[in-house]
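Below: the structure, in structure tokens.
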Amino acid sequence: MDTTATFWLPVSASTVAPDIDSLWGFVFWMSTFFFLLIVGMMVVFAIRYRRRAGDLENLDKGPSHNSMLEAAWIIIPTLLVIVIFIWGFRGFMRLSVVPANAMEVTVTGQKWFWSFSYPEGASTVNDLVVPVDQPVKLLMSSQDVIHSFFVPAFRIKRDVLPNRYQVAWFEATQVGEYDLFCTEYCGTSHSEMIGKVRVLTRADYNTWLEESTLGAEGMDPVELGRRLYVSKACITCHTIDGTPNNGPSFLGVFGHQVELANGTSVTADENYLRESILSPMSKVVAGYQPIMPTYQGLLKDAELDALVAYIKSLGAERE
Ligand code: CUA
């Protein structure tokens with residue numbers, strides 16, 4: 001199986017990809033063939049039967065029809081579309097029916113990141129980590145608007161909707177890192193709603209699972225917070241250099257007065273930070289849209305503490 005990227009298609013790294021690629025190739029080359037045939041004949045006929053001097057006087061009746069030709073242009077395309085339909089339908093069924101031994105990962109899309117929770121209790125943001133050669137069932141839903149889960153290398157794409165579950169599945173065939181995109185325009189930072197699917201060997205996956213369910217015990221809270229700032233996607237909307245983005249920068253927030261959208265102000269202390277992470281609509285900072293999703297349920301207590309510690313460490317730097 002050729003798994004490398006071609007001029008036309010990205011790397012193919014799932015069990016369903018080769019079949020989808022061959023159908024794609026069939027449709028593509030068939031279309032190319034008929035395009036050249038039809039356009040070629042048009043050009044040849046236009047030249048060969050162009051109007052010449054004296055044509056009008058010598059007009060004869062010409063052929064009225066040709067039964068063989070007419071039958072051919074009905075039967076051949078009909079057979080071709082039947083072949084494409086059956087081929088496509090089999091692929092569609094294969095993509096829709098999840099193998100019984102699939103491991104289940106819950107996927108949540110929200111503005112503007114993906115979060116994943118695994119059967120053993122681990123959870124990640126924007127990085128989906130899976131073992132190779134293992135069917136993975138994705139049970140997907142959205143917290144807000146319609147997103148769409150797209151992994152080109154696996155040839156899977158599925159809309160993720162609020163208020164219902166969508167299901168997709170894949171079995172990765174190659175260890176590696178593959179792009180994950182949101183492919184439904186979902187607002188301001190849609191283009192930043194990107195992640196990776198990290199396919200590990202079974203042994204590496206087990207190690208990863210062990211480490212991530214243990215948590216980062218013993219790590220310096222500020223350092224842990226710095227990592228969470230990236231891994232939990234705070235970085236999508238909040239800078240740490242003072243530049244405003246979708247949300248206020250974290251630089252120089254802690255310990256200072258913050259003007260709120262409702263006209264009041266508040267001192268940014270630990271409780272304010274905690275509340276703003278878990279219940280972002282409660283105290284929206286003046287000048288920003290109330291667009292932050294809640295992190296309730298997405299952070300363990302220790303992770304919340306670490307994020308607060310990290311933002312705190314950026315607080316004093318304003319003066
Ligand atoms: Cu989510 Cu685009």
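Taken together, the values in this text are just the output of simple stated rules run on the coordinates, not laboratory data. Model, not experiment: these values are computed from the prediction. Don't worry about glycine lacking a Cβ; one is built from the backbone with ideal geometry, like all the others, and counts go over all protein chains shown.
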### Message
I need the Kirkwood Rh of region 241-319: take the reciprocal of the average 1/r across all distinct C-alpha pairs and report it in angstrom.
### Response
12.8
## Note on the structure
Taking a crude spin-label model, label points 7 Å out from Cα along the C-beta direction, the Arg164 to Phe26 distance in nm is 3.0
### Query
Which of the listed residues, Ile146, Phe89, Thr267, is farthest toward the dipole's positive end in the chain, when Lys, Arg count +1 and Asp, Glu count -1 at the beta-carbon?
Phe89
### Task
Could you please state, rounded to a whole Å, how far the C-alpha centre of region 17-70 is from the C-alpha centre of region 91-139?
48
#### Entry: Label-point separation, Ile47 to Leu139 (7 Å along Cα→Cβ), nm
6.5
### Task
Take the Cα of Glu259, step 7 Å along the line toward its Cβ, and report every residue of region 281-315 whose backbone nitrogen sits under 16 Å from that point.
284-289
### Query
For the chain, what is the per residue volume of the convex hull drawn over the alpha-carbon atoms, in cubic angstrom?
225
### Query
Among the aspartates and glutamates, which fall within straight-line cross-link reach of Lys111, defined as a Cα-Cα distance under 14 Å, with same-chain neighbours fewer than 8 residues apart omitted?
Asp144, Glu184, Glu192
### Task
Under 11 Å from the Cβ of Lys196, count the other residues' Cβ atoms, weight Lys and Arg +1, Asp and Glu -1, and hand me the total.
-2
### Task
Give a quick list of chymotrypsin sites (Phe, Trp or Tyr not before Pro) in region 2-64 that DSSP marks as loop, anything other than H, G, I, E or B, with at most 14 other Cβ atoms within 10 Å.
Phe7, Trp8, Tyr49
## Note on the structure
Here, Phe92 and Val266, labelled 7 Å along Cα→Cβ, have an inter-label distance in nm of 5.0
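Work through the residues other than Thr267 whose Cβ is under 12 Å from its Cβ and net out their charges, Lys, Arg +1 and Asp, Glu -1.
Combined, the nearby Lys, Arg, Asp and Glu give -2.
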#### Entry: the chain - mean residue ellipticity at 222 nm from DSSP helices (-39,500 (n - 2.57) per run, n ≥ 4, rounded to 500)
-11500 deg cm²/dmol
### Summary
Filtering the chain for DSSP H helices with an axial alpha carbon extent of at least 27 Å and a Kyte-Doolittle mean of at least 0.0 returns 17-48, 67-96
### Restricting region 127-219 to chymotrypsin sites (Phe, Trp or Tyr not before Pro) in coil, as DSSP defines it, with at most 13 other Cβ within 10 Å
Tyr165, Tyr185
### Net charge contributed by nearby residues that have their C-beta within less than 15 Å of Tyr185 (K/R +1, D/E -1)
-2
### Query
How do 56-62, 107-113, 253-259 rank on mean C-beta neighbours within 10 Å, highest first?
107-113, 253-259, 56-62
